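See below for the structure under consideration.
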Amino acid sequence: MSPSGQPIVSLRNVDKTFESGTIALDGLNLDVRDGEFVSLLGPSGCGKSTVLRIISGLSPATSGAVTWPAGEARLGFVFQEPTLMPWADVAANVRLPIKLAHKQDSGAVANALGRVGLSAFAQSYPRELSGGMKMRVSIARALVTEPQLLLMDEPFAALDEITRFKLNNDLLTVWQAVRSTVIFVTHSVFESVYLSQRIVVLTPRPGRVFAEIAIPAPYPRNENFRTSAEYGGLCRQVAEALAGAMAAGAPS
């Protein structure tokens, strides 16, 4: 999948200072192109999640601008925790955004569950699901409105490595099928290289763009890529950039 040259969203000189006085972002500039898979990589507290919240409108920027060159996009948001309603079954959890928008289902829930491999669990309850399955429900809920831009805030960080690898593979399959743009927050070099077309490395707080690294490996990606010399070399390149960002952000 080759993203077009047209940005779906642009951030210009975005600052974010919280009421406590903490400066989360300082002069952040970022363009994300339509159809692109971009990862935001950096240490905890560098403002990665704050960027997603500003893009989504959940948190206003202190200064700077967020623009939508082709018009404001439909958004889906996958948080760090699945945040499922324990009293509702899987189908009802996925249906929630449709219900809140006062729209009809028209097969959207079944389609979203099929995308994440949970068609057989529509009537199951969260307590009956594994951690990985709960996250699949969360992804299905974000996909049910067919978003143009999918924001994902470290969705796999709490999962074991085997489950995480599997969900990485499944996420790429879904991305290529639905053709949404994805902005994916992670603190894992290995995950960012495996998933992304481009990695944006942020400095420690306050967050600024330190480096942007293209990942030219073609899709679909699989275990052959994960165990290849190319993957290892790209991971080293990204790890070096992250080390540089950490050094640049260290107090003098």
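Tally the residues that are open to solvent by 10 Å² or more (accessible area, probe 1.4 Å) and closer than 23 Å to Ala91 by Cβ, restricting the search to the range 175-187. Can you show your working first?
We begin by selecting, within the range 175-187, every residue open to solvent by 10 Å² or more (accessible area, probe 1.4 Å); these are 176-179, 187.
If we keep only those that are closer than 23 Å to Ala91 by Cβ too, we end up with 177-178.
Looking only at that region, the number is 2.
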(request) Being among the small types (Gly, Ala, Ser), assigned to a helix (DSSP H, G or I) and surrounded by fewer than 19 Cβ atoms within 10 Å (Cβ to Cβ) is the filter here, so list the residues in the range 80-107 that pass it. (result) Ala92
(request) Return the pairs, sorted by first residue and then second, in which the second residue is of a type in the set (Val, Ile, Thr) and open to solvent by 40 Å² or more (accessible area, probe 1.4 Å), the first residue lies in the range 49-76 and is within 24 Å of Ala101 (Cα to Cα), the beta carbons are less than 7 Å apart, and the residues are 6+ apart or on different chains. (result) Ile54/Val66; Ile55/Val66; Arg74/Thr145; Gly76/Thr145
(request) Go through (1) in a helix (DSSP H, G or I); (2) within 20 Å of the chain's Cα centre (by Cα); (3) over 18 Å from Gly35 (Cβ atoms) one by one and return the number of the condition Trp175 breaks. (result) (3)
(request) Determine which single condition Leu41 fails, assuming it passes every other condition in (1) open to solvent by 30 Å² or more (accessible area, probe 1.4 Å); (2) under 30 Å from Ile215 (Cβ atoms); (3) modelled with pLDDT of 95 or more; (4) in contact with a Ser or Thr (Cβ under 8 Å, 6 or more places away or on another chain). (result) (1)
(request) Tell me which residues, restricted to the range 206-225, are among the charged types (D, E, K, R) and over 20 Å from the mean Cα position of the chain (by Cα). (result) Glu223
(request) Within the range 137-160, count every residue that is in contact with a Gly (Cβ under 7 Å, 6 or more places away or on another chain), assigned to a helix (DSSP H, G or I) and open to solvent by 10 Å² or more (accessible area, probe 1.4 Å). (result) 1
(message) So in the range 206-252, with the set limited to residues that are farther than 17 Å from Gly42 by Cβ, open to solvent by 90 Å² or more (accessible area, probe 1.4 Å) and not in a helix (DSSP H, G or I), which one is modelled with the lowest pLDDT?
(response) Ser252
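The values are calculated or read from the model by the stated rules, or taken from the named source; none is laboratory data. Just so it is clear, the model here is predicted, and its values are computed rather than measured. Note: ideal-geometry Cβ built from the backbone for every residue, glycine included; neighbour counts use all protein chains shown. Note: accessible area is taken over every heavy atom of the protein model, side chains too, but ligands, DNA and RNA are not part of it. Shrake-Rupley method; radii C 1.70, N 1.55, O 1.52, S 1.80 Å.
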